[in-house]
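Read-outs: derived from the displayed coordinates by stated rules, not from any lab. All of these numbers come straight from a predicted model, not from anything done at the bench. Positions of Cβ are backbone-derived with ideal geometry, glycine not excepted, and every protein chain shown enters the neighbour counts.
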Amino acid sequence: MRTTGYAALDAASPLARFDFERRGLRPNDVAFEVLYCGICHSDLHQARNDWGWSEYPMVPGHEIVGRVTQVGAAVTRYREGDHVAVGCMVDSCRSCDQCRKGEEQLCREGNTQTYNGRDRITCEATQGGYSKHMVVREEFALRVPDGLDLSRTAPLLCAGITTYSPMRTWNVVPGSRVGVVGLGGLGHMAVKIAAGMGADVTVLSRTRDKEGDALSLGANRLLASSDEEAMAQAANSLDLIIDTVPVKHDVTPYLPLLDIDGTLVLVGQIGPLAEPSTVPLLLGRRRIAGSPIGGIAETQEMLDFCAAKNILPDCEMIRMDEINHAFERMEKADVRYRFVIDMATLDQPADAA
Ligand code: NAP
Ligand code: ZN
Ligand code: ZN
């Protein structure tokens, strides 16, 4: 299938219009028209080759919502016209112990990433949602619950599940004390989801600038990590910290905020951290952990949870040709709180907007 989108052609150039071929429909595939695609900080990392494994040309985008246009002969779950969503993975081995229990993100063979991955059958490069059309195995397409605002659903597919999953793993229940480090795309979803689960939520931001936002998103308080006195007063006050910071940083100042047996879960930085002190780990039997996205069943559970609680991201809609400016703003943490591309703008001249 011939389609078009925006691609990174190398690690240094701006994204540019790119026509390319998608695989034809296999019996288990659904084809869909992309309506909206969220912009994750991972898109920026991968376009710039921050993690060292980027292949070009690369069409980023793994927060995708669309309308089914065609289904393969063996597809049972979807039909033309259905609204579907795709997140960070489009396939896995589907037979290892992790896949069998619905943890495809932890597939022993590695899951197939939505973009910057390789198709398991043809080995061709996978390409993401900054494009007009997608083709995906039906098992990796999520059902968009009725009533969810489509224009604000896309960010749930990465920012939503990446923060929901650790809250389920570490058993957040009403009254749990949850800290969120970094109030960006992932961070603001973490606040909304934790509040939706009945947790007491503390935002840990670098300054107090986002205090008003944090409270209106559902947090109980904001602590500026630069305020040493406030940080010291908050010692032992949290059960779980979700750390969304996208760059190398020192987690040591956050560890004493955890109560005994508390856990700091890294979901942001992929790569080295500044060396943490083990003192707060040993003395408080605290832990540092990590968590990648979530499984397909859990992603559906998250979508249904968000639909039931009316939890949706705060989005700034952009045109496809504004992507490079959006990347620049994201790098400066100047986004409140998720950019979403209106894919209809791909074919519209700028002055028609
Ligand atoms: P984002 O929207 O840019 O938000 C990041 C937030 O981190 C910023 O709003 C800022 O919050 C804080 N921050 C930024 N630069 C910082 C710095 N130099 N030092 C300390 N704090 C800083 O990014 P995002 O889309 O939420 O993604 C966050 C990270 O998660 C990225 O690295 C992304 O690759 C990763 N990610 C991982 C997974 C996974 O599966 N684990 C999934 C998706 C994304 P304040 O202004 O409040 O301090
Ligand atoms: Zn992402
Ligand atoms: Zn597997």
* Find, among the GluC sites (Glu not before Pro) in the stretch 122-184, those assigned to loop by DSSP (not H, G, I, E, B) with at most 12 other beta-carbon atoms within 10 angstrom. => E124
* Read phi for every residue in the stretch 57-71 and hand back ³J(HN,Hα) as whole Hz from Karplus 6.51 cos²θ - 1.76 cosθ + 1.60, θ = phi - 60°, with x for Gly and Pro. => x, 10, 9, x, x, 9, 10, 10, 10, x, 10, 5, 10, 7, 10
* To do: Find how many whole Å separate the alpha carbon centroid of the stretch 260-302 from the alpha carbon centroid of the stretch 327-346.
  => 27
* Asked: What angle, in degrees between 0 and 90 and rounded to the nearest 10, separates the Cα long axis of helix 185-196 from the longest principal axis of the Cα atoms of the chain?
  -> 70
* For A289, distant residues with modelled amide H under 5 Å away -> L264, V265, L266
* With each run of n ≥ 4 DSSP H residues scored as -39500 (n - 2.57), what mean residue ellipticity at 222 nm is computed for the chain after dividing by its residue count and rounding to the nearest 500 deg cm²/dmol? -> -6000 deg cm²/dmol
* Asked: Using a Förster distance of 22 Å, how high is the FRET efficiency between T4 and D119, based on the Cβ-Cβ distance and rounded to 0.05?
  -> 0.70
* Would you mind pulling out the separation of the Cα centroids of the stretch 1-42 and the stretch 125-161, in Å? => 13
* Extension gain R143-A344, at 0.36 nm per residue separation less the Cα-Cα distance, in nm? -> 70.2 nm
* To do: Classify the chain as rounded, prolate or oblate from the Cα gyration tensor: take a ≥ b ≥ c as the square roots of its eigenvalues, call it rounded if a/c is under 1.5, otherwise prolate when a/b beats b/c and oblate if not.
  => prolate
* For the stretch 168-222 versus the stretch 52-88, the gap between their alpha-carbon centres in whole angstrom -> 30
* Asked: Between rounded, prolate and oblate, where does the stretch 259-347 land on the alpha carbon gyration tensor, with a ≥ b ≥ c its root eigenvalues, rounded for a/c under 1.5, else prolate if a/b exceeds b/c?
  -> oblate
* **Stretch gain in nm, segment E331-K248, where the contour uses 0.36 nm per residue and the Cα spacing is subtracted** => 28.5 nm
* ³J(HN,Hα), Karplus 6.51/-1.76/1.60, whole Hz, each residue of the stretch 290-305, x for Gly, Pro -> x, 7, x, 4, x, x, 5, 5, 5, 5, 5, 4, 5, 4, 5, 4
* Can you pull the one-decimal nm distance between simple spin-label points at D82 and M317, each 7 Å off the Cα toward Cβ? => 2.6
* To do: Evaluate the charge dipole of the chain about its Cα centre and quote only its size in Debye, nearest 20, assuming +1 on the Cβ of each Lys and Arg and -1 on the Cβ of each Asp and Glu.
  => 600
* Asked: Of N49, C37, P27, whose Cα points farthest to the positive end of the dipole of the stretch 21-92 (charges on the beta-carbon: +1 Lys, Arg; -1 Asp, Glu; origin at the Cα centre)?
  -> P27
* **Percentage relative contact order, the stretch 1-158, counting C-alpha pairs under 8 Å, at least six apart** => 29
* Remind me, relative contact order of the stretch 159-290 in percent, using alpha carbon pairs under 8 angstrom and six or more residues apart? -> 21
* lysines within cross-link reach of K332: Cα-Cα under 30 Å, excluding same-chain residues under 8 positions apart? -> K132, K192, K210, K248
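Mind checking the stretch 257-346 for trypsin sites (Lys or Arg not before Pro) that DSSP puts in a loop (not H, G, I, E or B) and that have at most 13 other Cβ atoms within 10 Å?
Sites meeting the loop and neighbour criteria: R285, K332.
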* What number, in percent, do you get for the relative contact order of the chain if the mean sequence gap of Cα pairs under 8 Å and at least 6 apart is divided by its residue count? -> 17
* Which whole-Hz couplings ³J(HN,Hα) result when phi for each residue of the stretch 146-157 is put into the Karplus expression 6.51 cos²θ - 1.76 cosθ + 1.60, θ = phi - 60°, listed in order with x for Gly and Pro? -> 4, x, 6, 5, 4, 5, 10, 7, 3, x, 5, 6
* Structure fact -> With +1 on the Cβ of every Lys and Arg and -1 on the Cβ of every Asp and Glu, the dipole magnitude of the stretch 159-290 about its Cα centre, in debye rounded to the nearest 20, is 340
* Structure fact -> Expressed in nanometres to one decimal, the distance between label points 7 Å along Cα→Cβ at A297 and L215 is 4.2
* Structure fact -> Per its Cα gyration tensor (rounded if a/c is under 1.5, else prolate when a/b beats b/c, else oblate), the stretch 159-290 is best filed as rounded
